Amino acid sequence: MAEDAGKKCPVCDKLAKAHQMKCSDCGSALDPKRRKKSVNQRSKQSKGKQKYKRRVMKCSGHKAKFATKMAAKIAAKKQQREHGRDLRVYKCKDCNAYHLTKEQTWFKGFR
């Protein structure tokens, strides 16, 4: 019955309480087979934080990206000459590049 009350230290053979992880005298580990968390297993707290992490946003659809505003303006003028389309240049907040759109601005002073 005394063995059920605690764990026996493998180094100094002292009986320790059942909830203790280390021996109080010598400091050695009482349970040699200590389980480690797997890489895929996370605590509930870290799983909750996962959904608030900032994700890298990407543009939706198959839009043409232009590195500079000038390059986008040249492409818009080319579309005007060849196809008669009036396109406007705007900077995308998601990918930080310039795109073309046929939609007009809804208030003055946007361009």
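The values are calculated or read from the model by the stated rules, or taken from the named source; none is laboratory data. Nothing here was measured: the structure is a model prediction, and the numbers come from that model.
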Quiz prompt | Output for the range 73-90, where each listed residue is in a loop (DSSP other than H, G, I, E, B) and hydrophobic (A, V, I, L, M, F, W, C) | solution = Leu87
Self-check item: Lys58 being in a loop (DSSP other than H, G, I, E, B) and modelled with pLDDT of 65 or more
Solution: yes
